[in-house]
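Before any comments, here is the structure.
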Amino acid sequence: MMRTPGLSTRSLGQAVLPFLPLIGHRTPVHPLPSLARRLHRERLWIKRDDLITFGFGGNKIRGLEFLVGEALSLGADTLITGAGPLSNHVRATAAVGAKCGLRTTVVYWGDDTAHQSGNYELVRILGAEARFTGSFERSSVDSHMASLAEELTRSGRKPYVIPRGGASPLGVVGHVLAVPELMQQFPGLATMPEVIVLPVGSGGTLAGWLLGTSYYRAPWRVEAVTVSRPAAEARTQVLQLVRETEKLLGIDSGVAESHVVIHDGYIGPGYGAPSPEGSEAIRLAAVEEGVFLDPVYTGKALAGLIALCDTGYFDNLKRVLFLHTGGQPGLFVPGQCPWT
């Protein structure tokens, strides 16, 4: 049975957008004094979007508040999305769909062989239907989702397709609004971070933080470590998302191509495959600060931040904030970390 828990609207720019409240709290900002000393920073903080209390957390919930809000407002009865079997976004979408009484069908690249752990197992618990493309090309998910939507429409269903990672203008809006949230968590401009560092995969999070930083005139710059594709390709995708979101909101944020700073060299063997540097960063954060990162996104991004600090890249910046986007279920997948 379909349920619409608290469906409302949010205004931003010239847009009034359907909104499904799922979070209802600021995610905490914690100092990391031990890691700050290791990185030779005066201050190092972490914003804990992994501690979002809905659906095992992670910042994908921010975008889904708007994406599923629109789906409900359009009368959809089925959510369709996709990615790899360990996807945080797919797990979060399945959780929102279950809460709202929507059917959720997910499309995974690859084949159905022995996926019994991590986010895949959580998606099964949530009752979502899983289909596999049979191809290990990530883009194979997109055509299969489109075909599935046509199939369900012909059968009388009302599907709503959410792109991989929620990387769409509506999905970006949720991350835009994380910027004023963070600004409110510091007592004044002089105490705020000078740079925000985060992982970039499908691009929605970085696009939102860039757009929000410019729109709300936050005093920091935003830089990312790519964990999915070459930096040049990620930069193009992020800038396109920024422009499409500006159009949706009817604003000119002032984000220029030069503002999209993405660091390469930390993907390791490939997207979703653990890297030695990422695994060491996970161990370091756990031992030094009691914070668990994940092997796909935040472990590699922290490895990038450590290397950039060690090489002097951030020498003129003393206050740094690292965004924890979630994903800890990946720690419980055999082979994802060397100590399992």
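Throughout, read-outs are computed from the coordinates displayed, never taken from laboratory work. What you see is a predicted model; the values in this text were computed from it and never measured. Note that we place each Cβ from the backbone using ideal geometry, even for glycine, and neighbour counts take in every protein chain shown.
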Give me the percent relative contact order of region 1-129, please, defined on Cα pairs under 8 angstrom at least 6 residues apart. 22
How far, in nm, would the chain grow between ARG124 and GLU244 when pulled straight, counting 0.36 nm per residue and subtracting the alpha carbon separation? 39.9 nm
Working from Cα positions, state the angle (0 to 90°, nearest 10) between the long axis of helix 140-154 and the longest principal axis of the chain. 30
From the backbone phi of region 294-303, what are the Karplus-calculated ³J(HN,Hα) couplings (6.51 cos²θ - 1.76 cosθ + 1.60, θ = phi - 60°) in whole Hz, Gly and Pro given as x? 10, x, 8, 10, 6, x, 5, 5, 5, 4
Evaluated at 37 °C with a viscosity of 0.692 mPa s, what Stokes-Einstein diffusion coefficient in µm²/s does the chain have when Rh comes from the Kirkwood expression over alpha-carbon pairs? 163
What pairs from LYS47/LYS99; LYS60/LYS158; LYS99/LYS300; LYS158/LYS300; LYS47/LYS158 go past 30 Å between their alpha carbons? LYS99/LYS300; LYS158/LYS300; LYS47/LYS158
Rounded to whole Hz and in sequence order, give me ³J(HN,Hα) for region 56-62 from the Karplus expression 6.51 cos²θ - 1.76 cosθ + 1.60, θ = phi - 60°, writing x for Gly and Pro. 6, x, x, 6, 4, 4, 4
Degrees separating the helix 204-215 axis from the principal Cα axis of the chain, which is the longest one: 60
In degrees from 0 to 90, rounded to the nearest 10, what is the angle of the helix 231-249 Cα long axis to the longest principal axis of the chain? 70
What does the extension gain come out to for ALA146 and GLU257, with contour length at 0.36 nm per residue minus their alpha carbon separation? 36.9 nm
With only alpha-carbon pairs counted, each pair once and no self-pairs, how large is the Kirkwood hydrodynamic radius of region 209-340 in angstroms? 16.0
Extending each Cα 7 Å along its Cβ direction at GLU233 and PHE136, get the distance between those two points in nm, one decimal. 1.5
VAL29-LEU317 FRET efficiency (beta carbon distance; Förster radius 25 Å; 0.05 resolution): 0.90
Determine by what factor the alpha-carbon radius of gyration of region 90-138 differs from 2.2 N^0.38 Å, reporting the quotient. 1.13
Region 60-166 - Kirkwood radius from inverse mean 1/r over Cα pairs (Å): 13.5
Describe numerically, in nm with one decimal, the distance between label points set 7 Å from Cα along Cα→Cβ at ARG157 and at GLN14. 3.7
For every other residue with a beta carbon closer than 14 angstrom to the beta carbon of PRO28, add +1 if it is Lys or Arg and -1 if Asp or Glu, then tell me the sum. -1
Spelling it out for ARG221: with amide H atoms placed in the peptide plane at 1.01 Å from N, the residues 5 or more places away or on another chain with amide H under 5 Å from its amide H are VAL195, ILE196
So in the chain, what percent of DSSP beta bridges are antiparallel if you round to the nearest 5? 20
What are the chymotrypsin sites (Phe, Trp or Tyr not before Pro) within region 60-159 that DSSP puts in a loop, where the Cβ has at most 15 other Cβ atoms within 10 Å? PHE136
Taking H placed 1.01 Å from N in the peptide plane, check which residues at least 5 places from PHE132 or on another chain put their amide H under 5 Å from its amide H. TYR108
Debye log10 I(q)/I(0) at q = 0.20 Å⁻¹ for region 138-188, Cα point scatterers: -0.77
What residues have an amide H closer than 5 Å to that of LEU32, excluding those fewer than 5 places away on the same chain, when H is modeled at 1.01 Å from N in the peptide plane? LEU44, TRP45, ILE46
